[in-house]
Each structure stands twice: as structure tokens, then as C-alpha cells.
Amino acid sequence: MTDISTSVNAFLLVYAGLFPIVNPVGSAPIFLRLTQYNADQRGMLARGVASNSFLLLLGSLFIGSHLLEFFGITLPIVRIAGGLVVAAFGWKMLHAGEQPDDRPSAPDAKPGTPVDTFYPLTMPLTVGPGSISVAVTLGSQRPPSSEGLTQLALLGGSAIAGLAAIALTIYVCYRYAGGVVALLGERGTNVVMRLSAFILFCIGIQIIWNGYLSLTTAVT
């Protein structure tokens with residue numbers, strides 16, 4: 001039961017931490033405009049963006065914090081600094097406009113113009129610097145190796161499942177972008193993003209607290 005609870009918590013941490021920054025609901029209108037002349041290929045484009053986003057976030061989650069450690073930055077410091085970044089994003093989104101970090105304006109498209117699934121649809125529209133920094137910070141929350149390979153594999157699988165859920169959400173929101181925009185409307189989209197921003201802010205504070213506890217334990 002403890003393993004199941006831990007796995008569920010790891011899944012929710014990844015999904016809830018990335019959803020407000022990736023913001024597939026808020027990005028759906030921009031995706032819709034960028035692909036307005038490619039309606040027949042919109043499903044394929046949505047699938048490509050979801051796959052690219054999954055791989056990009058996967059690398060950030062499992063490799064990003066190791067790169068920082070390679071440069072001599074310890075995990076507690078990574079957690080505190082990353083938590084500050086996450087909390088700052090959440091605070092900004094909670095009090096600012098509808099486009100939280102690095103959403104580009106949609107360029108003018110022409111009929112028959114092919115759309116690249118990586119730029120600008122994947123990066124920076126869907127996964128930008130903010131999303132990558134959050135993924136790196138969440139990756140720094142991995143438990144120490146002393147907890148055992150089984151526990152590490154369990155948490156790793158839950159984190160991957162969280163990323164897969166994010167990718168699936170991206171695909172659904174982009175594939176049915178027209179319906180999502182019509183269903184939620186401007187007010188509904190704003191409500192969803194405000195709630196998500198508050199959750200993100202709380203996650204950032206929790207990560208800061210975990211980093212502080214790790215730092216004080218190491219010092220004492």
C-alpha cells in the first residue's frame with residue numbers, strides 16, 4: 001500500500017507540476033491558428049508535438065539535474081533554486097495575464113505552408129524554458145540510491161507515466177483544439193489556469209522546503 005501511495009504521489013507531482021507551465025489548454029488556441037491551413041493534418045501534427053514534448057521533458061527530468069551536479073551544484077541547492085523558479089512561475093501566472101511564460105505570438109500562415117512539429121509547435125509553444133526548468137527541478141526530487149533499486153524503478157516508472165499523461169493531454173487538447181476552445185471559452189480557460197497556477201506555487205514552496213531540510217541535515 002505504501003508503494004502504491006508513493007507511486008501515485010510521484011505521478012501527481014510530475015503531472016501537476018508540469019501541467020500549468022506546459023498549459024496545453026491555454027496553448028490550444030495558438031496551435032489552432034498556426035495549423036488553420038492544415039486541418040486535415042492536425043491530428044498528425046498534434047501527435048508529433050506530443051511525442052516531441054514527451055522526449056524533451058523526459059531528458060530534462062532524468063538528465064538535467066545530473067548535468068547540474070556535474071558542474072558542482074549539489075542537489076539541495078538545485079532544489080532550493082529550482083523551487084524558487086517554480087514558485088515564481090506560479091506566482092506570476094496567478095497574478096498576470098493568460099500567457100504565462102514564453103508563448104510566442106502566432107505568425108501569419110499561408111495556405112499549403114508546411115508546419116514543423118518541433119519549431120514553433122513543440123518549442124517554444126508547448127515546451128519552453130519554463131517547462132524545462134520545472135522538469136529539471138522535479139528530477140532533482142529523486143530519492144537517494146540507498147532506498148533500493150526497486151523503489152527507484154517504481155518512482156521512475158511513475159514519473160514516466162506522469163510525462164506520458166502530459167503528452168496525452170497535449171495531444172487531446174491540440175487534436176481537438178477547436179472543441180476545447182469552444183467548450184471552455186475565455187472565462188473557463190482562465191479559471192483552469194488560475195487554479196493550476198496556485199497548485200504550481202504550492203509545489204514550488206514544497207520543493208524549497210525539501211531542499212532546505214536536505215541542506216540543514218547535511219550541515220548538521
Q | Packing-based exposure ordering (other Cβ within 10 Å, fewest first) of TYR176, TYR212 | A | TYR212, TYR176
(Q) Quick one: 3J(HN,Hα) in Hz for the range 70-83, Karplus 6.51/-1.76/1.60 with θ = phi - 60°, rounded, Gly and Pro as x. (A) 4, 8, x, 9, 6, 4, x, 5, 4, 5, 5, 5, x, x
Q.
Report the gain in length on full extension from ASP116 to ALA88: 0.36 nm times residue separation, minus Cα-Cα distance, nm rounded to one decimal.
A. 7.0 nm
Q) Using mean Cβ contacts within 10 Å as the protection proxy, how do 180-188, 41-49, 196-204 order, highest first? A) 196-204, 41-49, 180-188
Q) If r is the Cβ-Cβ distance from GLU186 to ALA161 and R0 is 45 Å, what FRET efficiency results, to the nearest 0.05? A) 0.90
Q) Modelled label-to-label distance, ALA153 and GLN41, 7 Å Cα→beta-carbon offset: nm? A) 4.2
**Q.** Length gained when the stretch SER51-LEU67 is fully extended (0.36 nm per residue, less Cα-Cα span)
**A.** 3.4 nm
Q) So how do HIS95, HIS66 line up by other beta-carbon neighbours within 10 Å, fewest first? A) HIS95, HIS66
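Every number here is computed from the coordinates shown, using simple stated rules; none is lab data. In this text, all values refer to a predicted model and were calculated from it rather than measured experimentally. Reconstructed Cβ throughout: ideal geometry from the backbone, glycine too, with neighbour counts over all protein chains shown.
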